[in-house]
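First the structure, in the form of structure tokens, and then the observations on it.
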């Protein structure tokens, strides 16, 4: 069974300005297009979500005596096949 979370950032420029040097510090390049900024912000959000879920979900499952094999991945739909 899968849970799919679809994230679309609507304000990538504001996020870059707000988090300059922090979560998305890698976006310092002002020359990036809006779509590239958006993709990088969305990727940073997904990476952080996977990190948090990877730490917290196993703890929560164990508290409920649930044994489960849980895998995490990010499907980057913006990547074009080569």
From 66, 74, 52, grab the single residue that is at pLDDT 90 or above and either outside any helix (DSSP H, G or I) or more than 15 Å from the chain's Cα centre (by Cα) (or both).
66
Report whether or not residue 61 is in a helix (DSSP H, G or I), over 20 Å from the mean Cα position of the chain (by Cα) and modelled with pLDDT of 90 or more.
yes
Mind checking which residues of region 47-66 are surrounded by 11 or more Cβ atoms within 10 Å (Cβ to Cβ) and either in contact (Cβ under 8 Å) with a residue 24 or more places away in the chain or closer than 15 Å to residue 5 by Cβ (or both)?
47, 48, 49, 50, 51, 53, 54, 57
Residues (closer than 30 Å to residue 69 by Cβ and either surrounded by 11 or more Cβ atoms within 10 Å (Cβ to Cβ) or at pLDDT below 80 (or both)) located in region 8-38
23
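The values are calculated or read from the model by the stated rules, or taken from the named source; none is laboratory data. Predicted model only: the values in this text are computed from it and were never measured. Cβ: placed from backbone, ideal geometry, glycine included. Neighbour counts: every protein chain shown.
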